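Down below is the structure, laid out as structure tokens.
The values are calculated or read from the model by the stated rules, or taken from the named source; none is laboratory data. Being a predicted model, the structure only gives us computed values, none of them experimental. Glycine gets a Cβ as well: all are built from the backbone with ideal geometry, and neighbour counts include every protein chain shown. Keep in mind that these areas ignore ligands, DNA and RNA; they rest on the heavy atoms of the full protein, side chains included. Shrake-Rupley method; radii C 1.70, N 1.55, O 1.52, S 1.80 Å.
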Amino acid sequence: MTTRYSALIIDDEPDIRELLEITLARMDVDTDSAADLAEARALLAQKDFDLCLTDMRLPDGNGIDFVRHIQQSKPYIPVAVITAHGNMESAVEALKAGAFDFVSKPVDLQMLRNLVATALKVNKKVTEPPSDKTATLLGTSTIIQQTRQTIAKLARSQAPVYISGESGAGKELAARLIHESGPRADKPFVPVNCGAIPSELMESEFFGHKKGSFTGAVADKKGLFQAADGGTLFLDEVADLPLEMQVKLLRAIQEKAIRPVGAQQEIPINVRILSATHKNLRQLTESGQFRQDLYFRINVIELHMPGLRERPEDIPLLVVHFLRKIAREWQTGVPHLDKSALQALLHYPFPGNVRELENILERAMTLCEGDVIKEEDLKLPTEGESISGEFNQPGLSEQTLDSALDNTERDVIVQALEKTRYNKTAAAKLLGLTFRQLRYRIKKLGIE
């Protein structure tokens, strides 16, 4: 038996109500309609709905008032707001108030169908058990429990989310969790490092191009927006976008459409935008390095990922998780930390956060003897190298610590290889590693 969904439509224009009713009926969605907020509140009190579509301007108030009303009375019902064309301020205000999404007049029927289909998955997704691929945000600290609760709420919305936090704090993990816990989980999650794309290729990478549009364009190519169609596009290090590209990205987000390089027509796109950077985006906006209008568009809701030094009580759990993960990859037994090693980690400020902890443990597993990791195996920087999690040498980036630690490990392995005349089996024995572990390290560190 096919599940019948129901929707509440609120609009004072009869022709708009009729258009929405016909469109939803063709999607097997039953509808009740109201011409004003008073009538809508009466209908909402009588029955539950799977979705609500409300106009922004109504005779006795506006749609945002109704969004807030539903958030208080029946927050499980996703509400989409119909806004006037080009009125992004109202759309953003609605999203901040808790609206699921928005659609602009004149209503594009394909965009409306996409919105409805996604909204109807929201409550269904909540009742489904997590899949094996679902990422996890580990920790029992109060701050990480609050972060998980916020992520669960954000997963129910389609509002753009800006994820702030230091390098290595887990911003991409948070983005994956929002995607995998939400109604777009069965569609692509496409992460892109905005700082890694050459500026001259950026427009083609994001929007695609047509054959012959420039030298080297030998065939049509889909861009990242099209690759993420129906799913989520995660813009990592969004602060690194050049200003010219920021303008084009803003238009794509506002119009929900893109124009491939060399194309004459825009193509509708259905993606949710999540973005992140370890830089202070507000400061960059104030200094003119990042467009203010784009900042407000991608930062409808901000999620801050706490640094590891803010939740030291989670370190023992993370240690066990990473040691098991590495042992599984290396197909070896799981080592454990002795008391002094664990105490050293608990008192270390972790400027590189969770990513640094994983790297430290991976290196320690390479260097330790037997199945016990001692404090000296961790190779933690001395107090002079790091103060309160901030590097005290000018010009050092947040990646420098990991690079320095990798260099130390590389030197140890190269010395063992030279000593054994590049006999990997003998070198592995000298280092107290299995052959598989040594081969893994050689590949990861790029040792020839």
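Of note:
- Here the Karplus relation 6.51 cos²θ - 1.76 cosθ + 1.60, evaluated at θ = phi - 60°, turns the backbone of region 41-58 into coupling constants of 5, 5, 5, 5, 6, 7, 8, 8, 10, 8, 7, 9, 10, 10, 5, 6, 9, 10 Hz, with x for every Gly and Pro.
- Other residues lying with their Cβ under 13 Å from the Cβ of residue 373 contribute a combined charge of -3, Lys and Arg counting +1, Asp and Glu -1.
- Rounded to the nearest 10 degrees, the inclination of helix 142-155 to the longest alpha-carbon principal axis of the chain is 40 degrees.
- The HN-Hα couplings worked out from phi for region 168-184 by the Karplus form 6.51 cos²θ - 1.76 cosθ + 1.60 (θ = phi - 60°) are x, 7, x, 5, 5, 4, 4, 4, 5, 5, 4, 5, 6, 8, x, x, 9 Hz, whole numbers, x standing for Gly and Pro.
- Rg and Dmax of the chain, based on Cα coordinates, read 26.0, 85 Å.
- Only Lys, Arg (+1) and Asp, Glu (-1) charged, at Cβ; the chain dipole about Cα centre in debye: 1380 debye
- Other residues with beta-carbon under 11 Å from the beta-carbon of residue 195 carry, at +1 per Lys or Arg and -1 per Asp or Glu, a net charge of -2.
- Judged by the mean number of other Cβ atoms found within 10 Å, the most tightly packed of the peptides 205-214, 13-22 leads the ranking 205-214, 13-22.
- Local electrostatic count, residue 31, Cβ distance below 13 Å [Lys/Arg +1, Asp/Glu -1]: -3
- Only Cα pairs under 8 Å and 6+ residues apart enter the sum, and on that basis the relative contact order of the chain stands at 11 percent.
- Cα-projected label distance for residue 142 with residue 434, points at 7 Å along beta-carbon direction, nm: 4.3 nm
- Residue-by-residue Karplus 3J(HN,Hα) for region 250-257, coefficients 6.51, -1.76, 1.60, Hz, glycine and proline x: 4, 5, 4, 5, 6, 8, 6, 7
- Here's how it looks for residue 57: its modeled amide H is under 5 Å from those of 63, which are all 5 or more places away or on a different chain.
- Folded to 0 to 90 degrees: helix 400-419 orientation relative to the chain principal axis, Cα: 40 degrees
- Residue with peak Gaussian network fluctuation, the chain [Cα springs, cutoff 10 Å], from 11, 377, 50: 377
- Fraction of accessible area attributable to carbon and sulfur, the chain (%, probe 1.4 Å): 50 percent
- Rounded to the nearest 10 degrees, the angle from helix 109-119 to the longest Cα principal axis of the chain is 60 degrees.
- FRET efficiency, 1/(1 + (r/R0)^6) with R0 51 Å, evaluated for residue 292 and residue 26 via beta carbons: 0.80
- Amide H within-cut-off set for residue 29, under 5 Å, with H built and near neighbours excluded: none
- Gaussian network model of the chain, Cα within-10 Å springs - most flexible of 273, 253, 197: 197
- Taking amide hydrogens as placed 1.01 Å from N in the peptide plane, the amide H of residue 217 sits under 5 Å from those of 212, each at least 5 positions away in sequence or on another chain.
- Listed residues 234, 290, 102, most fluctuating in the chain (Gaussian network, C-alpha, under 10 Å): 290
- Over 29 Å between alpha carbons, listed pairs 222/325; 171/210; 248/279; 339/443; 374/424; 74/187: 222/325; 171/210; 339/443
- Length-normalised contact order for region 57-99 - Cα pairs under 8 Å, 6+ apart - percent: 49 percent
- Solvent exposure of the chain, expressed per residue, is 49 Å² of accessible area, with all protein chains present and a 1.4 angstrom probe.
- A Cβ-based charge dipole, computed about the Cα centre of region 25-122 with Lys and Arg at +1 and Asp and Glu at -1, lands at about 200 debye.
- Cα centre as origin, Lys/Arg/Asp/Glu Cβ charges: region 153-290 dipole, Debye: 440 debye
- Theoretical FRET efficiency, 1/(1+(r/R0)^6), r = Cβ-Cβ of residue 71 and residue 443, R0 35 Å, to 0.05: 0.10
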